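This report concerns only the one structure given below.
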Amino acid sequence: MSREEQQSAESLLQVRDLVKHYPIREGIFVPREVGRVRAVDGVSFNVHESETLALVGESGCGKSTTGRLILRLIATTSGQIDFMGHDLIQVGKRALRTVRRDLQIVFQDPYASLDPRLRVEDIIAEPLESFGLLPRRKERRERVHELLHEVGLSSYHADRYPHQFSGGQRQRIGIARALAVEPKLIVADEPVSALDVSTQSQIINLMQDLQERHGLSFLFISHDLTVVKHIAHRVAVMYLGKIVEIADKQSLYRTPHHPYTQALLSAVPKPDPSAHRQRIILKDDVPSASRIPTGCRFHTRCPLADAICREQEPPLKEVAGGHHAACHFASPFPIPVHDRPTMPGVETSVPIRQNIR
Amino acid sequence: MSTIERLLEVHDLRTYFDTKHGIVQSVDGVSFGIDKGGCLGVVGESGSGKSVTALSIMRLIQTPPGRFASGTIRFCGEDLLAKPERAMRKIRGKDISMIFQEPMTSLNPVFTIGNQITEAIRLHNDVTLAQARQRAIEVLDLVGIADSGRLIDQYPHHLSGGMRQRVMIAMALSCSPKLLIADEPTTALDVTIQAQILDLLRKLRSEVDAAIMLVTHDLGVIAEVVDEVLVMYAGKVVEHARVQTLFDAPQHPYTVGLIDSIPKIDETRYRLKTIEGTVPNPTDFPPGCRFSTRCPHARDICRGEEPPLLKVGEHHLAACWKNTDFRPVRQPEAWGAANVS
């Protein structure tokens, strides 16, 4: 635990046991709770300064909900969020406003997240006005122009309306708006998934440049493992409301310890027709978050599942330096994949258990 | 026209839309062919005309505003563009069938799965309800649905996204089509489900003798499934090659840019390469080569004259002046050669 504490001392954001449950109610006159959708079910992580932490997972894993909980856009059920010494769960409305200056968001859909009736200048200046920064109009205008240049647009774009821009350009405007108040942490919720391939790479590069220039931290929420590999420093893989594996990017991509991470990595289509394909194809779909399986929540789809997996929920334990995985059989390449290059010093052969053919 | 009879032969197809902002040349002079049992991928970004090409083959373009300004689409020797609507209906869903991107919205929520599949079967074949149901169960088995006998009586909302896409594929295969068009079949799905569907498509290639035309924006999906690729940009074919050739030695600067700009899972670069700028507005394409506004090699000829699709290698066509050393060519002999293979 001492290592954990030491780490948390330097981190910008600390999230502990974050939980968000949505009650399912039935009955018209006397609604009673008949179940719960466990959208986020005990998530802990830190984000350090000038770091990008990626939350990856498939739809319904709770990654976006986690992002929104951190911004307090929705109320938490339980848990702790500590941001630069402020307890975000306890903090009052007024204090929350000041904290929000350091905490901004970039949304997925650049078409829906910009007000179509405002000019770009007004969109970008809105957070400045809201926080009472730069009270003079002229100063605000200058700042807007500066921000437009910063995200690769020009001053003359300030007088245009959102519909006059392409998807990539709109996403740049969204980023400029988030940057306006000089935040410390930006939660980016699938910022490139609505964009075309060639514009996607432009936005990824832009985000990396901005991070370097301003020492920003990103919580980068995405379903796309290839994009995440490019932008993240550390990666947390989520499945059904829990983090199943969290590690440095290199460590996670090179030696994934959780069978789910492994399956995810192997499932990504490679743009190379001659690439070796040893794909782990998981059966069925992700179970519903209102009926989370007992024990390990992945056991219904896991090729390694054993009796213990159905009964005991595996804790997130450290498997290598800074690399945590929640699996009873966590080991490098728990599912035998033969044509993978053997990493030096890594034991790849695993005992074949009875239930794998 | 062509020496060997091909299953599908699209020649100089131009699908235009008349809008209040001007004429949108969504597909502008596209030629290609698909052999029996072949598998062609069409790749491009949004607005490249890849989906409109697919819909044109199905004749699912609403007219007006759409119209076919020129071209022929020969399917089994007959020109689909010359057929009356009534004849097209007999072909759609039987000889040519299509899978759409959104499995959520392409199924009718008020009918059972079985109802929807048997409807297609009975429309095109003279069979009894029991026979149709039997066939429906068969195709559901074919697409890897366990417990098809039970699932056939369920409604679409009972199924997950991946299952719905399987049902869509089953429906498309129910009348044993000669050509299956799949428009972004995995885009709306999660990675692990996408892997299941791609696996299924690959398996179907060997089990069903339908030719497949796969339309997608994802070069990864292209590399996994198809034999031959058509790269489209702003309504034009810019490159046409065998899949291995395309990834090993792309000839058109757009293809090169596209391949370079995708992040790859098994390599680490700090910065991604990008294609500068954005796709031009479809009502106002630049003169000459439509990629010239973003192309790092562009010269005067590129901005003035449109490059023809020329043979640049074995089974390999590209439309770039770079391949003729930026010199104009007389009517090239490869011009009519829509055929790569």
Rounded to whole Å, √(5λ) for the Cα gyration tensor eigenvalues of the protein assembly as shown, largest first, gives 43, 34, 25
Under the rule rounded for a/c under 1.5, else prolate if a/b exceeds b/c, else oblate, using alpha carbon gyration tensor axes a ≥ b ≥ c, segment A:79-209 is classed as oblate
Given A:294-305, B:130-141, the highest-first ranking by average Cβ count within 10 Å works out to A:294-305, B:130-141
Computed for chain A: size of charge dipole around the Cα centre, +1 on C-beta of each Lys and Arg, -1 on C-beta of each Asp and Glu, debye to nearest 20, value 660 debye
Magnitude of the Cβ-charge dipole (Lys and Arg +1, Asp and Glu -1) of the protein assembly as shown about the Cα centre, nearest 20 debye, reported as 1040 debye
Rounded to the nearest 10, the angle in degrees between the Cα long axis of helix B:191-207 and the longest principal axis of the Cα atoms of chain B comes to 80 degrees
For segment B:23-161, the dipole about the Cα centre with charges only on Cβ (Lys and Arg +1, Asp and Glu -1), to the nearest 20 debye, works out at 400 debye
By the C-alpha gyration tensor axes a ≥ b ≥ c (rounded if a/c is under 1.5, else prolate when a/b exceeds b/c, else oblate), the shape of segment B:250-323 is oblate
Tilt, helix B:161-173 to longest principal axis of chain B (alpha-carbon atoms), in degrees rounded to tens, equals 90 degrees
1/(1 + (r/R0)^6) with r = Cβ-Cβ of B:Glu276 and B:Ala130, R0 = 60 Å, i.e. FRET efficiency to nearest 0.05, evaluates to 0.45
With the charge dipole of the protein assembly as shown built from beta-carbon charges (+1 for Lys and Arg, -1 for Asp and Glu) about the Cα centre, the Cα from A:Ile203, B:Val208, A:Gly62 projecting farthest to the positive end belongs to A:Gly62
Links exceeding 24 Å between C-alpha atoms in this model, out of B:Lys273/B:Lys322; B:Lys36/B:Lys90; B:Lys236/B:Lys264; A:Lys249/A:Lys317; A:Lys184/A:Lys229; A:Lys249/B:Lys50, come to B:Lys236/B:Lys264; A:Lys249/B:Lys50
In whole Hz, the Karplus estimates of ³J(HN,Hα) for segment B:10-23 (6.51, -1.76, 1.60; θ = phi - 60°; x where Gly or Pro) are 9, 10, 6, 6, 10, 10, 10, 10, 8, 10, 6, 8, x, 7
Candidates A:Ala158, A:Ala180, A:Ala112; GNM for chain A (alpha-carbon contacts under 10 Å) flags as most fluctuating A:Ala112
Residue-normalised 222 nm signal for chain A, counting each DSSP H run of n ≥ 4 as -39,500 (n - 2.57), nearest 500 deg cm²/dmol, is -9000 deg cm²/dmol
The answer for the net charge of residues other than B:Val215 whose Cβ lies under 13 angstrom from its Cβ, with Lys and Arg +1 and Asp and Glu -1, is -3
Rounded to 0.05, the calculated FRET efficiency for the beta carbons of B:Arg86 and B:Arg202 at R₀ = 41 Å is 0.70
Amide H neighbours of B:Ala69 at under 5 Å, excluding residues fewer than 5 places away on the same chain, with H built from the backbone geometry, are B:Arg14, B:Thr15, B:Tyr16
Helix B:129-142: inclination vs chain B longest Cα principal axis, degrees, rounded to 10, gives 50 degrees
Going residue by residue through segment B:279-285, the Karplus relation 6.51 cos²θ - 1.76 cosθ + 1.60 with θ = phi - 60° gives ³J(HN,Hα) values, rounded to whole Hz and with x marking Gly or Pro, of 4, x, 4, x, 8, 9, 6
By the mean-Cβ-within-10 Å protection proxy, highest first, B:39-51, A:127-139 rank as B:39-51, A:127-139
Across B:217-230, the residue-averaged tally of Cβ atoms belonging to other chains within 10 Å stands at 3
For the protein assembly as shown, whose charge dipole is built from +1 on Lys and Arg Cβ atoms and -1 on Asp and Glu Cβ atoms, the candidate among B:Val225, B:Ile99, B:Leu179 with its Cα farthest towards the positive end is B:Ile99
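Each reported figure results from applying straightforward, stated rules to the coordinates on display, with no laboratory input. These figures come from a predicted structure and were not determined experimentally. Cβ sites come from the backbone with ideal geometry, for glycine too, and all protein chains shown count toward neighbours.
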